[in-house]
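Notes for the one structure printed next.
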Amino acid sequence: MTPPVLDVRDLTKVYGEGEATVHALAGVSLSVQRGDYVAIMGSSGSGKSTLMNILGALDVPSSGTYLLDGVDVSRLADRQLALARNRLIGFIFQAFNLIPRTTALANVELPLAYAGVKPRERRRRALAALDVVGLADRAGHEPNQLSGGQQQRVAVARALVTEPALLLADEPTGNLDSRSTDDVLGVLDQLSTAGRTIVLITHESEVGDRAKRLIRLVDGRIVTDVRQSALHEPPVGAQLR
Ligand code: ADP
Ligand code: MG
């Protein structure tokens, strides 16, 4: 049996000490199976970024265990951790983080270059990833020649080009207008349907509503964790003709 993509138990994160101690995470347990699409919501200060940084293996918890695709990342040394991160996780950030004055194609090729993939194969896979997000015809465009929504779709292509076990997105629509938000959410829906595993954090309920599963954080704890699949099905009695 394949292990869950994410399996975290009793995660805590404590910042500061004495009077200034902050329990940013106060015991979070969460398991995400392959193919799930999870939105994490919570008000400012609830611990979302702290949790994302730990899930993304960018930070370590104060206590608790964290398995990423069955690997106990808390036991890895820095270099191994960086390798696991590059191999297992595709990141999507609020601010896109594309390299300026560099074509969409070269931006998407970059993680493959780091992974040592040969130029021809890099190009083929980057073009295929741009095609998945509907931007094959913009491969030669630089970021400033693309709309915000298109830039974020390039960033999605860059995140998925390495075939990671997990797509991890931090407020992916936070900088987008409603039309671009729809475009990016459409791409995420399509990736989810194709079997990708997605975890995103968001402030926006229309973004959270699109996920298959919605988790709410309050004061560093999970207060609800619900399946939303029923919301996406047509009402009982409704028939598609
Ligand atoms: P969110 O992303 O939901 O707004 P954060 O995870 O950024 O929440 O923060 C959770 C809590 O931890 C907040 O009270 C915040 O002030 C505190 N915090 C976050 N990062 C640090 C840090 N580096 N040092 C001290 N406190 C921090
Ligand atoms: Mg935050």
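Just checking, which of LEU67, LEU30, LEU58, LEU83 is without any contact (Cβ under 8 Å) to a residue 40 or more places away in the chain, among the hydrophobic types (A, V, I, L, M, F, W, C) and more than 16 Å from ligand 2 (Cβ to nearest atom)?
Of LEU67, LEU30, LEU58, LEU83, the one residue that is without any contact (Cβ under 8 Å) to a residue 40 or more places away in the chain, among the hydrophobic types (A, V, I, L, M, F, W, C) and more than 16 Å from ligand 2 (Cβ to nearest atom) is LEU83.
For segment 24-52, which residues satisfy the criterion of being near ligand 1 (Cβ under 8 Å from one of its atoms) and open to solvent by 30 Å² or more (accessible area, probe 1.4 Å)?
If the condition is that a residue be near ligand 1 (Cβ under 8 Å from one of its atoms) and open to solvent by 30 Å² or more (accessible area, probe 1.4 Å), then SER43, SER44, GLY45, SER49 are the ones that fit.
Go through (1) closer than 26 Å to PRO172 by Cβ; (2) more than 15 Å from ligand 2 (Cβ to nearest atom); (3) open to solvent by 10 Å² or more (accessible area, probe 1.4 Å) for VAL108 and report which single condition fails.
Only one criterion in (1) closer than 26 Å to PRO172 by Cβ; (2) more than 15 Å from ligand 2 (Cβ to nearest atom); (3) open to solvent by 10 Å² or more (accessible area, probe 1.4 Å) is unmet by VAL108, namely (3).
Name the one entry in GLY27, GLY70, GLY47, GLY18 that is in contact with a Gly (Cβ under 7 Å, 6 or more places away or on another chain) and at positive phi.
GLY47
Select from segment 110-125 the residues that are part of a helix (DSSP H, G or I), closer than 18 Å to ALA82 by Cα and touching a residue at least 12 places away in the same chain (Cβ under 8 Å) and list them in ascending order.
LEU110, PRO111, LEU112, TYR114
Condition check: surrounded by fewer than 17 Cβ atoms within 10 Å (Cβ to Cβ), touching an Asp or Glu at 6+ places or on another chain (Cβ under 8 Å) and over 19 Å from SER192 (Cα atoms). Does SER62 satisfy that?
No.
Determine, yes or no, whether ARG75 is open to solvent by 10 Å² or more (accessible area, probe 1.4 Å) and closer than 30 Å to ALA129 by Cα.
no
Return the residues of segment 180-207 that are in contact (Cβ under 8 Å) with a residue 60 or more places away in the chain, of a type outside the set (Val, Ile, Thr) and within 16 Å of ligand 2 (Cβ to nearest atom); say none if nothing qualifies.
Matches in segment 180-207: LEU200, HIS203.
Restricting to segment 178-212, name every residue that is in contact with a Ser or Thr (Cβ under 9 Å, 6 or more places away or on another chain), surrounded by fewer than 19 Cβ atoms within 10 Å (Cβ to Cβ) and not in a helix (DSSP H, G or I).
Within segment 178-212, HIS203, GLU204, LYS212 meet the criteria.
Which residues, taken from segment 150-174, are open to solvent by 30 Å² or more (accessible area, probe 1.4 Å), farther than 18 Å from ARG87 by Cβ and away from ligand 1 (no atom under 16 Å from the Cβ)?
GLN150, GLN151, ARG153
What about ILE54, is it at pLDDT 95 or above and not basic (Lys, Arg)?
Considered against the rule, which asks whether it is at pLDDT 95 or above and not basic (Lys, Arg), ILE54 comes out as no.
Identify, by number, the condition in (1) under 13 Å from the mean Cα position of the chain (by Cα); (2) more than 18 Å from ASP219 (Cβ to Cβ) that THR65 doesn't meet.
Of everything listed in (1) under 13 Å from the mean Cα position of the chain (by Cα); (2) more than 18 Å from ASP219 (Cβ to Cβ), THR65 misses just condition (1).
Residues checked against (1) more than 20 Å from LEU51 (Cα to Cα); (2) in a helix (DSSP H, G or I); (3) of a type in the set (Gly, Ala, Ser):
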{"site": "ASN97", "(1), (2), (3)": "yes, no, no"}
{"site": "ARG101", "(1), (2), (3)": "yes, no, no"}
{"site": "VAL108", "(1), (2), (3)": "yes, yes, no"}
{"site": "ALA129", "(1), (2), (3)": "yes, yes, yes"}
{"site": "GLY134", "(1), (2), (3)": "yes, no, yes"}
{"site": "GLN151", "(1), (2), (3)": "yes, yes, no"}
{"site": "VAL154", "(1), (2), (3)": "yes, yes, no"}
{"site": "THR173", "(1), (2), (3)": "no, no, no"}
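The values are calculated or read from the model by the stated rules, or taken from the named source; none is laboratory data. It should be emphasised that the depicted structure is a prediction, and the values quoted were computed from it without experimental measurement. With ideal geometry, Cβ positions are generated from the backbone for all residues, glycine too; neighbour counts draw on all protein chains shown. The protein model used for the area step is the full one, side chains on, heavy atoms only, and it has no ligands, DNA or RNA in it. Shrake-Rupley method; radii C 1.70, N 1.55, O 1.52, S 1.80 Å.
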